[in-house]
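Encoded as structure tokens, the structure appears first; notes follow it.
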Amino acid sequence: MKKFLIIALILILIAGGVYAWITFSQQKAQAALLNDLKTTTVDYGTLTAVIGATGIVRSNQTAQLIWQTSGTVGAVNTQVGNAVSEGDILASLAETSLPQNVILAQADLVSAQKALDDLLNSDLQRAQALQAVEDAEQALEDLMNPELQQALALQSIADAQQAVDYYQRQVNNLHAS
């Protein structure tokens with residue numbers, strides 16, 4: 001038991017010595033750091049900073065324009081650097097470069113409007129003319145909507161493929177019998 005107490009006392013003395021040495025080293029390092037610092041009194045004054053640059057400040061916003069149809073540009077309604085808003089017409093196509101179905105739809109619309117003007121005397125004829133105008137406007141709107149045209153074309157392709165598959169099965173059945 002006596003040996004155990006001596007060993008414990010020696011370990012406590014070693015731990016105390018290590019702790020004292022670490023504490024002394026830290027205080028010495030802190031004192032050296034404080035000796036290197038320079039102090040001054042606080043003073044009120046003005047702070048002036050100047051930034052020098054030349055050029056034009058512009059936002060970093062761009063947009064990619066995607067047109068719904070092709071053709072020759074007839075008029076550009078804005079200029080480089082102008083601000084535009086949603087719904088502004090930026091450019092329009094020349095009438096001569098429009099697709100034939102658009103021109104025909106416009107002609108149908110004009111014809112329907114003229115027929116409406118001529119037939120305003122009769123209620124039945126007036127209703128028929130209004131329906132013709134609405135149909136022409138809807139046809140023009142449908143032709144100006146490429147997503148709808150694409151969907152209709154894809155549906156036609158699917159219908160045609162079904163017909164081809166049906167008739168191919170018929171031919172195969174005839175060859176098998």
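The values are calculated or read from the model by the stated rules, or taken from the named source; none is laboratory data. All figures in this text were calculated on a predicted structure; none of them were measured in a lab. Glycine gets a Cβ as well: all are built from the backbone with ideal geometry, and neighbour counts include every protein chain shown.
Worth pointing out:
- Members of segment 66-88 that are without any contact (Cβ under 8 Å) to a residue 24 or more places away in the chain and out of contact with any strand residue (DSSP E or B) (no Cβ under 9 Å at 6 or more places or on another chain): I66, Q79, V80, G81, N82, A83, V84, S85, E86, G87, D88
- Flag if Q168 is farther than 30 Å from Q68 by Cβ, modelled with pLDDT of 85 or more and not basic (K, R): yes
- Flag for A105 being surrounded by 14 or more Cβ atoms within 10 Å (Cβ to Cβ) and over 41 Å from the mean Cα position of the chain (by Cα): no
- When we screen E141, E134 for residues that are farther than 19 Å from L93 by Cα and either modelled with pLDDT of 80 or more or in contact with an Asp or Glu (Cβ under 8 Å, 6 or more places away or on another chain) (or both), the only hit is E134.
- For T96: the one exception among (1) touching a residue at least 24 places away in the same chain (Cβ under 8 Å); (2) surrounded by 10 or more Cβ atoms within 10 Å (Cβ to Cβ); (3) under 35 Å from the mean Cα position of the chain (by Cα): (2)
- Each residue in segment 60-93 was checked for being of a type in the set (S, T, Y) and loosely packed, with under 10 Cβ neighbours inside 10 Å, and 3 pass.
- Residue in segment 35-52 that is in a helix (DSSP H, G or I) and exposed (fewer than 10 other Cβ atoms within 10 Å of the Cβ) present: yes
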